[in-house]
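K.L.:
First the structure, then my questions, so here it is.
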């Protein structure tokens with residue numbers, strides 16, 4: 001089998017985080033990686049460091065063949081140039097712009113030359129691709145959680161990213177929306193083939209969206225590998241508790257409404 | 001059981017009496033001077049007062065200078081507030097406190113400070129004079145005094161407005177590739193706009209009422225540096241009804257301004273609800 | 001919608017700027033003469049200014065009337081002034097010692113008097129009744145009228161006794177920063193009595209009563225006038241001073257109650 005050139009995100013950073021120090025090293029290829037850990041373990045800081053919104057004390061971040069950050073070489077590309085798509089927990093849709101303008105914003109950032117009309121048309125094609133073209137003129141506050149997630153993803157992809165970073169993608173959704181969104185995201189991530197890091201504390205997200213998992217505790221990566229392997233041998237009590245949550249719907253404390261597809 | 005009900009009733013009455021009494025006294029105290037301002041002397045005296053030679057130059061000057069002052073405050077204050085709100089530099093906090101000083105010091109102190117800095121024999125005044133510029137006791141001094149006392153109001157509102165912005169929104173914008181100008185102009189400004197306008201209105205109100213620093217630094221020359229508040233002060237020496245008429249003019253302006261502020265604050269509430277829902 | 005709002009705001013701004021532009025335009029052509037004069041000179045100098053502007057059609061006189069001490073400080077701080085007219089020699093001398101003024105000359109004399117509100121609530125009839133006034137309003141010491149008042153009271157102690165002096169001082173309610181502020185307080189009824197110049201009392205004859213101060217203790221106020229050394233409009237300034245000292249100017253001053261320069265009366 002000839003190995004095709006797969007985009008790869010390599011992260012190795014070190015940063016002081018108050019009570020402890022973040023020392024994490026990750027490699028993400030075609031298989032999405034779920035990043036889990038207790039609150040305050042440094043997940044968000046790691047994400048921000050990869051994005052370029054926080055500067056680690058030491059480290060190296062490489063995306064495919066581009067060095068985004070390297071203390072040894074004194075390289076620190078600004079966030080705007082890293083081409084990393086960021087989907088925050090609340091989706092981060094601009095409340096002062098309509099849905100189509102939100103997507104057009106991403107296009108305007110990357111291609112200054114296109115005219116507003118061209119951008120609008122292109123934005124519409126992105127919306128249509130995710131079956132939300134009919135929501136184009138709506139304001140984000142008028143959308144449901146699942147619809148907002150689609151708009152956020154459409155906007156993120158419109159900026160031609162080379163990697164995806166999702167922060168708690170289903171945390172702010174109600175239970176039914178979570179199911180719908182998980183399916184949608186799983187589909188999209190699979191078809192995009194971009195390096196994807198997914199921060200979550202929901203084991204169902206992990207199972208639906210990722211094939212590999214990294215456990216972060218007190219700033220250290222205590223386990224990293226295939227979900228199946230880590231579940232079989234959880235290194236810490238947190239990992240054990242998180243991964244031992246039942247996958248059969250309707251039997252765990254989380255599920256309160258009806259029957260879910262998984 | 002009966003005793004408890006009785007004592008509850010009497011404590012309820014005491015509570016009502018105290019609330020109404022205390023609050024009512026303050027309310028009366030605040031309202032009565034305005035009543036006197038409107039009704040003392042009668043409409044004829046007020047009309048005559050409005051026709052005084054001081055009135056229209058002062059009104060023109062006040063309008064023109066305060067508008068320029070607010071424009072300058074917004075132009076310089078918005079970038080400054082943006083930097084202050086996002087700066088990680090520890091001294092930025094001290095700088096914020098320093099910039100609030102003109103609010104708490106007496107305006108006359110501001111006037112003296114301006115004289116000591118920019119007066120003919122001031123710290124920078126001599127250098128300025130060599131460049132041919134002597135701002136003290138001119139219309140420019142009026143604007144300078146107004147900017148000095150009113151800027152902190154806008155700055156505080158703007159820093160709070162920018163600080164209140166959802167950081168994840170800014171983070172997303174940057175990740176999408178928004179350059180610093182685009183981030184500021186297309187994301188931060190539109191989202192902060194209602195609070196910025198409110199701050200500008202407060203700043204304008206302060207500039208309109210500015211007296212102490214103006215008197216010291218710009219002097220009190222009719223038609224040249226005599227703003228509406230200074231005209232009121234001068235009018236007291238001439239005819240109390242002129243002073244009354246001019247005061248009413250200022251009060252009407254201030255009232256209109258407050259109404260405008262409330263309408264915009266309601267707009268701000270709507271935007272906030274949209275942003276957080 | 002955004003463009004429309006922008007146009008609206010631009011129009012509003014332009015409309016509000018118009019008065020400012022009108023302001024600039026109106027003052028543009030004429031040459032300005034800036035006169036700083038003691039508060040008591042307000043009405044009479046405005047009359048003189050009308051005459052002056054008729055004689056010099058290209059000139060516009062701008063006044064700043066305030067307590068002489070305030071005017072002196074502003075001049076020292078660099079205010080651009082052409083003529084300074086003070087209500088006493090103290091402030092003029094302070095400027096002269098720093099070489100700020102050229103050849104000050106006395107152009108008028110004035111007489112302090114006691115004024116009471118029209119209805120005279122304290123029922124004062126002579127100067128000796130002064131301790132009966134429960135609220136006495138005088139000028140602050142730096143103000144010329146305040147300095148004259150202090151001297152008058154000091155002289156009164158010798159004539160009327162220490163008790164009189166102490167009682168009067170105890171009744172002083174407020175020390176104002178200009179003689180007109182003293183007058184206003186008395187007119188408003190905030191003071192039972194005040195000490196101002198005769199000319200001030202004459203500007204509001206229907207609102208106050210005058211009680212003369214005995215010749216023995218009274219002081220004649222001398223008003224000097226001078227052109228500023230750094231006057232921007234020095235020629236016009238000299239012309240203005242000339243007008244004040246001329247027959248015409250002196251007649252105007254006399255009509256307002258000022259004594260002529262060559263008056264040989266008290267002291």
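K.L.:
Scanning for something at pLDDT 90 or above, surrounded by 15 or more Cβ atoms within 10 Å (Cβ to Cβ) and touching a helix residue (DSSP H, G or I) at 6+ places or on another chain (Cβ under 6 Å), does region A:10-32 turn up at least one residue?
P.N.:
Yes, region A:10-32 contains at least one residue that is at pLDDT 90 or above, surrounded by 15 or more Cβ atoms within 10 Å (Cβ to Cβ) and touching a helix residue (DSSP H, G or I) at 6+ places or on another chain (Cβ under 6 Å).
K.L.:
Keeping to region A:140-180, report how many residues are within 23 Å of residue A:104 (Cα to Cα) and surrounded by 15 or more Cβ atoms within 10 Å (Cβ to Cβ).
P.N.:
Kept after step one, since they are within 23 Å of residue A:104 (Cα to Cα), are these residues of region A:140-180: A:140-167, A:169.
When the remaining residues are screened for being surrounded by 15 or more Cβ atoms within 10 Å (Cβ to Cβ), the result is A:140, A:143, A:145-159, A:161-167, A:169.
So the count comes out to 25.
K.L.:
Select the helices (runs of 4 or more DSSP H) contained entirely in region C:38-100, then report the ones holding at least 1 residues which are within 12 Å of another protein chain (Cβ to nearest Cβ) and closer than 19 Å to residue B:230 by Cα.
P.N.:
Once the helices (runs of 4 or more DSSP H) in region C:38-100 are filtered for at least 1 residues that are within 12 Å of another protein chain (Cβ to nearest Cβ) and closer than 19 Å to residue B:230 by Cα, what remains is C:42-55, C:68-76.
K.L.:
If you don't mind, there's one more thing I want to ask. Do the conditions hold for residue A:214, that is, is it assigned to a strand (DSSP E or B) and either more than 12 Å from the chain's Cα centre (by Cα) or surrounded by fewer than 19 Cβ atoms within 10 Å (Cβ to Cβ) (or both)? Before you say what the answer is, go through the steps one by one.
P.N.:
Values: assigned to a strand (DSSP E or B): yes; either more than 12 Å from the chain's Cα centre (by Cα) or surrounded by fewer than 19 Cβ atoms within 10 Å (Cβ to Cβ) (or both): yes.
Yes.
K.L.:
Just a yes or no: is a residue in region C:185-194 crowded, with 16+ Cβ neighbours inside 10 Å, within 23 Å of residue C:71 (Cα to Cα) and either within 14 Å of chain B (Cβ to nearest Cβ) or in contact (Cβ under 8 Å) with a residue 24 or more places away in the chain (or both)? Let's see the steps before the verdict.
P.N.:
At the first step, the residues of region C:185-194 found to be crowded, with 16+ Cβ neighbours inside 10 Å are C:185-187, C:191-194.
Narrowing further to those that are within 23 Å of residue C:71 (Cα to Cα): C:185, C:194.
The next check asks that each one be either within 14 Å of chain B (Cβ to nearest Cβ) or in contact (Cβ under 8 Å) with a residue 24 or more places away in the chain (or both); those that pass are C:185, C:194.
Yes, region C:185-194 has at least one match.
K.L.:
Another one. If a residue counts only when it is under 30 Å from residue A:15 (Cα atoms), in contact (Cβ under 8 Å) with a residue 24 or more places away in the chain and within 10 Å of another protein chain (Cβ to nearest Cβ), which strands (runs of 3 or more DSSP E) contained entirely in region A:58-121 have at least 3 such residues?
P.N.:
Values: elements: A:58-63, A:66-70, A:84-87.
The qualifying strands (runs of 3 or more DSSP E) are A:84-87.
K.L.:
So residue B:224 passes all but one of these: (1) closer than 30 Å to residue B:243 by Cα; (2) within 12 Å of another protein chain (Cβ to nearest Cβ); (3) out of contact with any strand residue (DSSP E or B) (no Cβ under 7 Å at 6 or more places or on another chain); (4) surrounded by fewer than 23 Cβ atoms within 10 Å (Cβ to Cβ). Which condition number does it fail?
P.N.:
Going through the list (1) closer than 30 Å to residue B:243 by Cα; (2) within 12 Å of another protein chain (Cβ to nearest Cβ); (3) out of contact with any strand residue (DSSP E or B) (no Cβ under 7 Å at 6 or more places or on another chain); (4) surrounded by fewer than 23 Cβ atoms within 10 Å (Cβ to Cβ), residue B:224 breaks only (3).
K.L.:
Residue under question is residue A:40, and the condition is that it be more than 12 Å from chain B (Cβ to nearest Cβ) and under 30 Å from residue B:184 (Cβ atoms); does it hold?
P.N.:
no
K.L.:
Where in region B:117-176 are the helices (runs of 4 or more DSSP H), entirely inside, with at least 1 residues that are surrounded by 23 or more Cβ atoms within 10 Å (Cβ to Cβ) and touching a strand residue (DSSP E or B) at 6+ places or on another chain (Cβ under 7 Å)?
P.N.:
Working: elements: B:125-130, B:139-163, B:167-175.
In region B:117-176, B:167-175 are the helices (runs of 4 or more DSSP H) which contain 1 or more residues that are surrounded by 23 or more Cβ atoms within 10 Å (Cβ to Cβ) and touching a strand residue (DSSP E or B) at 6+ places or on another chain (Cβ under 7 Å).
K.L.:
Can you tell me which condition residue B:42 does not meet? The list is (1) within 14 Å of another protein chain (Cβ to nearest Cβ); (2) on the phi > 0 side of the Ramachandran plot, and all the others hold.
P.N.:
(1)
K.L.:
Moving on. Please specify each residue of region B:166-188 satisfying the condition of being in contact (Cβ under 8 Å) with a residue 40 or more places away in the chain and more than 10 Å from chain A (Cβ to nearest Cβ).
P.N.:
Within region B:166-188, B:184, B:188 qualify.
K.L.:
Return the only residue of A:185, A:194 being closer than 24 Å to residue A:83 by Cβ, modelled with pLDDT of 85 or more and part of a loop (DSSP other than H, G, I, E, B). Break it down into steps so the answer makes sense when it comes.
P.N.:
Numbers: A:185 fails: part of a loop (DSSP other than H, G, I, E, B).
The conditions single out A:194.
The values are calculated or read from the model by the stated rules, or taken from the named source; none is laboratory data. Predicted model only: the values in this text are computed from it and were never measured. Here the Cβ is made from the backbone with ideal geometry for all residues, glycine too, and neighbour counts use every protein chain on show.
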